[in-house]
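Coordinate-derived values only; no laboratory data. This one's a predicted model, so the numbers in the text were calculated from it and none came from an experiment. All Cβ positions, even for glycine, are placed from backbone atoms using ideal geometry, and neighbour counts span all protein chains on display.
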Amino acid sequence: MKIGKLLRDIHHWASPIVMLPLGIMIIAGIFLMLKKDIEWIQPATQRSEMASAQVPDTSLAELYAAAAAIEELEITSWDQFDRIDIRSDRGIAKFIASNRWEAQIDLVTLDVLSLEYRRSDLFEQIHDGSFFADWIKTFVFLPVGVVLLVLWATGIWLFLEPYLKRWQRKKQRARRAGVADKK
């Protein structure tokens, strides 16, 4: 079997296998690329009124109490936070709860600057397959990534092959013409 035929066959049969998971990855990836531009996906990061050189004297316990008082976060203990992101340059702390709600709290005044539902983490989980199940992430989305790499490589070959053959024929004709001129 010639290499071109083999690569076309690989391309032909691998494409339908990756079609659905790859489509899911691409759509979620597009949303992730736009997460800083569309506040529906991820809330914009607010800025405190404090001076940038000012060091807040707020304790972590005070920040926790301020976040726990927000009903939408549904916080009764520390382990219900997915993460806490302190942005010292903006003077805020982002509290992201396990239920995907995000509260941005001023580090000095403890005012809630923003309270929004955060969808970017959901799109990340869909993008890597962990939204469906951990085994799908490992045994479906990872192999799809590998097959996609193979499709990329075979696609490059299939794209370049006609140009390579044309170049070889041109070179061969030039060689023949050179031999004919010498006779």
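Worth a mention:
- Residue with peak Gaussian network fluctuation, the chain [Cα springs, cutoff 10 Å], from 27, 156, 75: 156
- In this rough spin-label picture, where each label sits 7 Å from Cα along the Cβ direction, the residue 2-residue 80 distance is 6.7 nm.
- Percent of Cα pairs exceeding the 19 Å cut-off, where the set is the chain: 71 percent
- Between residue 38 and residue 132, the distance separating the two model label sites (each 7 Å from Cα on the Cα→Cβ line) works out to 2.2 nm.
- Look at the alpha carbon pairs under 8 Å that are at least 6 residues apart: their mean separation over the length of the stretch 43-118 gives a relative contact order of 32 percent.
- Fully extended contour minus Cα-Cα distance, from residue 54 to residue 112, at 0.36 nm per residue: 19.0 nm
- Dipole of the chain, positive end: most advanced residue of 56, 160, 29 [Cβ charges, Cα centre]: 160
- The Rg/Rh ratio of the stretch 1-90, with Rg taken over Cα atoms and Rh as the Kirkwood radius over Cα pairs, comes to 1.29.
- Whole-Hz ³J(HN,Hα) from phi, Karplus 6.51 cos²θ - 1.76 cosθ + 1.60, for the stretch 131-139, glycine and proline x: 4, 6, 4, 4, 5, 5, 4, 7, 9
- Think of each Lys and Arg Cβ as +1 and each Asp and Glu Cβ as -1; about the Cα centre, that makes the dipole of the chain roughly 3340 debye.
- Of 77, 120, 15, the residue with the greatest mean-square motion in the GNM of the chain, using alpha carbon springs below 10 Å, is 77.
- Beyond 18 Å in Cα-Cα separation lie the following of the pairs 5/165; 5/171; 35/94: 5/171.
- Full-stretch length increase - residue 71, residue 157 - with 0.36 nm per residue and alpha-carbon distance subtracted: 25.3 nm
- Each distinct pair of alpha carbons in the stretch 43-118 adds a 1/r term; the inverse of their mean, the Kirkwood radius, is 12.2 Å.
- Relative compactness, the stretch 114-179, computed as alpha-carbon Rg over 2.2 N^0.38 Å: 2.19
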